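Below: the structure, in structure tokens.
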Amino acid sequence: MNPKEIATQLRCPSGKKAPEIAQQMNQANYQINNKCINLLHITDNDHILEIGPGNGAFAQKIIESARNVSYKGLDWSSDMVNEAKIHNQQFISSNNASFHQGSSSAIPFSSSSFNKALAIHTLYFWDSPFLHFAEIHRVMKKDGLFCIAFGDKSFMKDLPFSPFGFNLYHSKEVEHLLAIAGFQVQTVQQYYETGLSNTGATVEKLINVILCRA
Ligand SMILES: C[S@@+](CC[C@H](N)C(=O)[O-])C[C@H]1O[C@@H](n2cnc3c(N)ncnc32)[C@H](O)[C@@H]1O
């Protein structure tokens, strides 16, 4: 795939190439997904929303972190929603998981539905991030925890696919947007990960992880 095709697939994986790109994302993003799940300190009976879970590869870890967890994955790619349903059939059957097609700009759930939420490597694709944060805030219970993780603009700008529609940020800009959407930033972590980019090249990534309260 050329950089433009990779960018299009990362934004909304679809068609024949979607399963391949989803698997690459699972490998490239394994470490950051685990980190965010651990930061959320999932406990029994949590109601959790994930924005952009792709093929739902990390739903199992979320659901098995505690007892009676209710997990909902919202992805705007219908192909990813279908894949996630296949991978997570046992959790769907046990009523612990459901996967929905839609965007975080108009979340198809009632206000105050969730006490935990996460969004990993999805922010780049949002044209008005404030609106998405306000929507996420709306569906969260008061004091609920939201974890957002994204690659820093400082290295993302040099990736070959970034010029094709990626919106890039430094942490402070996102902290500000979260605050005006009603969140209270609790912790900001920045760490370096050496790993494969979605082009297959090895890159050193500066990752921002922001944990905030609704
Ligand atoms: C780059 S992938 C990251 C997938 C996964 N979170 C990970 O860490 O590997 C972005 C995923 O988020 C979905 N997505 C991006 N923005 C979204 C939004 N605003 N609402 C719902 N899904 C979104 C895309 O369809 C895609 O499946």
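The values are calculated or read from the model by the stated rules, or taken from the named source; none is laboratory data. All of these numbers come straight from a predicted model, not from anything done at the bench. Because the Cβ atoms are built from the backbone with ideal geometry, glycine has one as well, and the counts that use them run over all protein chains shown. These area figures cover heavy atoms from the full protein model, side chains too; ligands, DNA and RNA do not enter into them. Shrake-Rupley method; radii C 1.70, N 1.55, O 1.52, S 1.80 Å.
A few remarks follow.
- Any chance Asn68 is more than 10 Å from the ligand (Cβ to nearest atom), more than 17 Å from the chain's Cα centre (by Cα) and within 20 Å of Phe146 (Cβ to Cβ): no
- Close Cβ contacts (under 8 Å, 6 or more residues apart or on different chains) running from residues in the stretch 12-32 that are of a type in the set (D, E, K, R) to residues that are open to solvent by 60 Å² or more (accessible area, probe 1.4 Å) and not in a helix (DSSP H, G or I) comprise Lys17/Met1.
- When restricted to residues that are open to solvent by 40 Å² or more (accessible area, probe 1.4 Å) and within 12 Å of the ligand (Cβ to nearest atom), the stretch 84-116 contains 5.
- Count - residues of the stretch 50-62 that are more than 11 Å from the chain's Cα centre (by Cα) and more than 13 Å from Gln89 (Cα to Cα): 2
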